[in-house]
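Scroll down for the structure; my scribbles are underneath it.
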Amino acid sequence: DAFGNAVCSSAAAVTSRILLKVLRNPVGMRQYEQPIESALAYVENTQPVEKDTLGLVHCSLDKAMVNLGSLLSEQVEGKVSTEVDARFAHDADKIVAQVTYLAKLYDEVGVSREKILYRIPATWAGIQAARTLEQRGLHTLMTLVCSFAQCMAAAEAGVSVVQLYVGRVRDWYKAHPNAIRNPDGPREDAGSSDPGKDPGHDLVTKCYNYLHKYHPHGTKIMAGDIRTKEDALHIAGCDYIALSPAIIKELELTPSSLGYNDGLSAVNSYPSDVEAALTPAKAQRATFTERQLRAAQSEADFDREMGDCGRDLLGKSLKRYCDSIDQLEPYFTKIAGRTN
């Protein structure tokens, strides 16, 4: 079902974690074994030069993801994002090499480059790789963005989309109540922080305002890990929002003063409506300090500016993504009759 419901979406993603869930399901395995076998046969027959740097099994995995991405591109109106190997997160050259290979595969099956986003972890190396790829006409999405520093560096590099994670940021600060939320303001300890403030919402708002004020025709923002309808309403107006079917249904069932709603105009009581929380006009009125606008000039600066939350969430998320790839590759070696 992971791909079967994609026709209901305006966009889609091909990731190792999603593919792993499909292949672990016997029904999914039967459904997608043929595309995987086809990918293995393609690599065997063509012997791409990329196998010398990426490896034969890795090239087969890339081809399988492109096969699925190609199918999804015909089912959704929006873009299809395709994951880059998280194990390359700190190697810009390998990221560029893999994306270049993925782009070649998409070109071969006739999928427009305008339809594809390449999902790259928002490390320093990942952002530098994205700069190179964007200059070559390949569109990138920086994932695992959990700090303003990552967003600003990505925008300066000219990436197409940055994806932030509302729930993860909120959870981190709940688990670390003494952490500094605002480096430019007073320390916020347990008992002194504003209970009405949500670090996840605040980060999306800050990044949206920055992007629309200083990069209005450049990088767009996508908000993910939206847990509730209230989360969605707090960031209504965001360029892109990734919502679960359950939250979409809840929004659809909530009445407005007009007797219906169009998604993010729903509120709890009737009759009532809400204005967009985020707008380009509000972004223009937002203020940033000189320090906040000072982009990192080195990896050391970047790591420091990410803060504890950004560094911790990026590191832990990368580990999960790397584990997924490690668990996924044996399916390809098994089908190919190989052993590691």
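When the chain is fully extended, how far beyond the present Cα-Cα distance does Leu293 get from Gln34, taking 0.36 nm per residue of separation? Before the final figure, lay out each step's value.
On the way: separation 259, 0.36 × 259 = 93.24 nm, distance 5.02 nm.
Length gained, Leu293 through Gln34: 88.2 nm.
Suppose each label sits 7 Å from its Cα in the direction of the beta carbon; what would the Lys249-Asp93 distance come out to in nanometres?
5.1
Rounded to the nearest Å, what's the spacing between the alpha carbon centres of the stretch 198-232 and the stretch 115-183? Just the number, please.
Cα centres, the stretch 198-232 to the stretch 115-183: 11 Å.
Within the set of other residues whose C-beta is less than 12 Å from the C-beta of Ala153, count the net charge using Lys and Arg as +1 and Asp and Glu as -1.
-3
Take Ser112, Ser160, Ser317 and sort them by solvent-accessible surface of the protein heavy atoms, 1.4 Å probe, largest at the top. It would help to have the intermediate numbers written out before the result.
Values: Ser112 65, Ser160 25, Ser317 5 Å².
Largest accessible area first, the list is Ser112, Ser160, Ser317.
How high is the FRET efficiency from Ala281 to Asn178, r the C-beta distance, R0 41 Å, rounded to 0.05?
Numbers: r = 36 Å, r/R0 = 0.88.
Efficiency, from the Cβ-Cβ distance: 0.70.
Taking the simple approach of a point 7 Å from Cα along Cα-to-Cβ for both Asp303 and Thr46, what is their distance in nm?
3.7
Could you work out the local net charge near Ala223, counting Lys and Arg as +1, Asp and Glu as -1, over the other residues with Cβ closer than 14 Å to its Cβ? Intermediate values should be presented prior to the final figure.
Numbers: positive: Arg168, Arg170, Lys206, Lys220, Arg227, Lys229; negative: Asp198, Asp202, Asp225, Glu230, Asp231, Asp239.
Charge balance in the 14 Å sphere: 0.
Could you put Trp124, Trp172 in order of accessible surface area, largest first, with the 1.4 Å probe and the full protein assembly present? Before the final figure, lay out each step's value.
Values: Trp124 50, Trp172 20 Å².
Sorted by accessible area, descending: Trp124, Trp172.
Once you've got the Cα coordinates, tell me which of Lys229/Lys316; Lys79/Lys220; Lys206/Lys316; Lys79/Lys104 are over 19 Å apart.
Details: Lys229/Lys316 27 Å; Lys79/Lys220 13 Å; Lys206/Lys316 23 Å; Lys79/Lys104 17 Å.
The answer is Lys229/Lys316; Lys206/Lys316.
How much length is gained if the chain between Ala11 and Arg227 is pulled fully straight, taking 0.36 nm per residue apart and subtracting their Cα-Cα distance, in nm to one decimal?
Numbers: separation 216, 0.36 × 216 = 77.76 nm, distance 1.89 nm.
The span from Ala11 to Arg227 would gain 75.9 nm if fully extended.
Near Gln297, within a Cβ-to-Cβ distance under 12 Å, what is the net charge of the other residues, with Lys and Arg +1 and Asp and Glu -1?
Working: positive: Arg294, Arg304; negative: Glu156, Glu299, Asp301, Glu305.
Local charge sum for Gln297: -2.
In nm, to one decimal, how far is the Arg113 label point from the Val27 one, both placed 7 Å along Cα→Cβ?
Result for the modelled spin labels: 4.0 nm.
Let me cross-check Val76: its accessible surface, 1.4 Å probe, with only protein heavy atoms counted, in Å² to the nearest 10?
Roughly 10 Å² of Val76 is accessible to a 1.4 Å probe.
For the full complex of protein chains and a 1.4 angstrom probe, list His215, His234, His58 by accessible area with the highest value first.
Details: His215 40, His234 105, His58 10 Å².
Reading off the accessible areas and sorting them downward yields His234, His215, His58.
The values are calculated or read from the model by the stated rules, or taken from the named source; none is laboratory data. Bear in mind that the values here come from a model prediction, so they are computed numbers and not experimental data. All Cβ positions, even for glycine, are placed from backbone atoms using ideal geometry, and neighbour counts span all protein chains on display. Just the protein is used for accessible areas: all its heavy atoms, side chains included, with ligands, DNA and RNA removed. Shrake-Rupley method; radii C 1.70, N 1.55, O 1.52, S 1.80 Å.
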